[in-house]
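Asks: Here it is, the structure, as structure tokens.
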Amino acid sequence: MTASATPAVHPVELDGVSVAIGGRPILRDVDLTVRTGDTVTLLGPNGSGKSTLVRAVTGLLPVVRGTVRLFGTPLPEFTERHRLGFVPQRSTATGGVPATVREVVASGRVGRRRLLAPTSAADRRAVESALEVVGLADRASYGVSQLSGGQQQRVLIARALAGEPDLLVLDEPTAGVDLPNQQALADALARLKADGATILLVAHEIGPMMPLIDRTVVMRDGRVAYDGPPLTQEVASHTHHDHDHVELGAHDHAPHVASPFDWDGDRR
């Protein structure tokens, strides 16, 4: 009699996850798995639940039903926060506080150090490596306020990378970013992917990111309307026009959603 195989442990697993904000349901019974080394992009129209999903994954929003697991551990019990890197939607990298690029990126090492411990050689190496990956090593001593919006977004990515996470979650990193900086972001993520990183990416525009994508998940009305081979945003945008089904291929999953307030009964 052969021993049963040990179940795979995935960086992200959502099982029947529902999220409500102000009493309004945003996510409805979402199942999603992100496998080690995959680059998965979340697409969908505004209000479809993309950003809500990643905020639930990172613990920034509570779930009202279902389970989020990171690396096999239910999120409320997950303590290895350094394994998770999060890049929020475009914002000022310093929050208005004067700081250099290196100082902002170095703040990403906090989760790796003991409280009040001095900066180590490993910390410094990680910061310099992160700056090099995003192409900002030559601007490390610049004030962040001197950089363009696209460069500031790359600083936020470098800050997340400095923590040496096993999973990188990015919420629309290319929004409002010009094409050269989109390409720079894509180049940085390509290097991470080549090193085996797992990436969950919310996107509105795919652009130069397209060659990196292993799988696309399209959100519609808080549910998964498609989960399969990579799609462009132009193709994905058609998945929310038909309220009954989506014809995108053999691997599609497009449950009917009558309205944004349509909740199913308890899962069986």
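Asks: Of the conditions (1) modelled with pLDDT of 95 or more; (2) within 30 Å of Ser148 (Cα to Cα); (3) of a type in the set (Asp, Glu), Glu103 clears all except one; give me its number.
Replies: Every listed condition holds for Glu103 apart from (1).
Asks: From the residues in region 212-240 that are within 17 Å of the chain's Cα centre (by Cα) and under 19 Å from Gln183 (Cβ atoms), which one is modelled with the highest pLDDT?
Replies: Ile213
Asks: Kindly establish whether Ala188 is buried (at least 19 other Cβ atoms within 10 Å of the Cβ) and at negative phi.
Replies: yes
Asks: Return the residue satisfying two criteria in turn: it lies in region 163-184 and is farther than 22 Å from Arg35 by Cα and in contact (Cβ under 8 Å) with a residue 40 or more places away in the chain, and of such residues it is surrounded by the most Cβ atoms within 10 Å (Cβ to Cβ).
Replies: Val177
Asks: Same structure again: I need every pair where a residue in region 136-149 that is charged (D, E, K, R) has its Cβ under 7 Å from the Cβ of a residue that is buried (at least 16 other Cβ atoms within 10 Å of the Cβ), sequence separation at least 6 or different chains.
Replies: Arg139/Val101; Arg139/Leu147
Asks: Answer with yes or no whether Ala126 is at pLDDT below 90, surrounded by 15 or more Cβ atoms within 10 Å (Cβ to Cβ), within 30 Å of Gln146 (Cα to Cα) and not basic (Lys, Arg).
Replies: Spelling it out, it is not the case that Ala126 is at pLDDT below 90, surrounded by 15 or more Cβ atoms within 10 Å (Cβ to Cβ), within 30 Å of Gln146 (Cα to Cα) and not basic (Lys, Arg).
Asks: Which ones in region 178-198 are touching a helix residue (DSSP H, G or I) at 6+ places or on another chain (Cβ under 6 Å) and under 19 Å from His10 (Cβ atoms)?
Replies: Lys193
Asks: With the structure loaded, tell me whether Pro76 is of a type outside the set (Ser, Thr, Tyr) and in contact (Cβ under 8 Å) with a residue 40 or more places away in the chain or whether it fails that test.
Replies: Here the answer is no, as Pro76 does not meet what is asked.
Asks: For residues that are part of a loop (DSSP other than H, G, I, E, B) and either touching a helix residue (DSSP H, G or I) at 6+ places or on another chain (Cβ under 9 Å) or aromatic (Phe, Trp, Tyr) (or both), tally how many sit in region 15-37.
Replies: 1
Asks: Given the criterion in contact with a helix residue (DSSP H, G or I) (Cβ under 6 Å, 6 or more places away or on another chain), among the aliphatic types (A, V, I, L, M), surrounded by 15 or more Cβ atoms within 10 Å (Cβ to Cβ) and within 25 Å of Leu212 (Cβ to Cβ), identify the matching residue among Leu43, Leu84.
Replies: Leu43
The values are calculated or read from the model by the stated rules, or taken from the named source; none is laboratory data. Values in this document were obtained by computation on a predicted structure and should not be read as measured data. All Cβ positions, glycine included, derive from the backbone under ideal geometry; neighbour counts span all protein chains shown.
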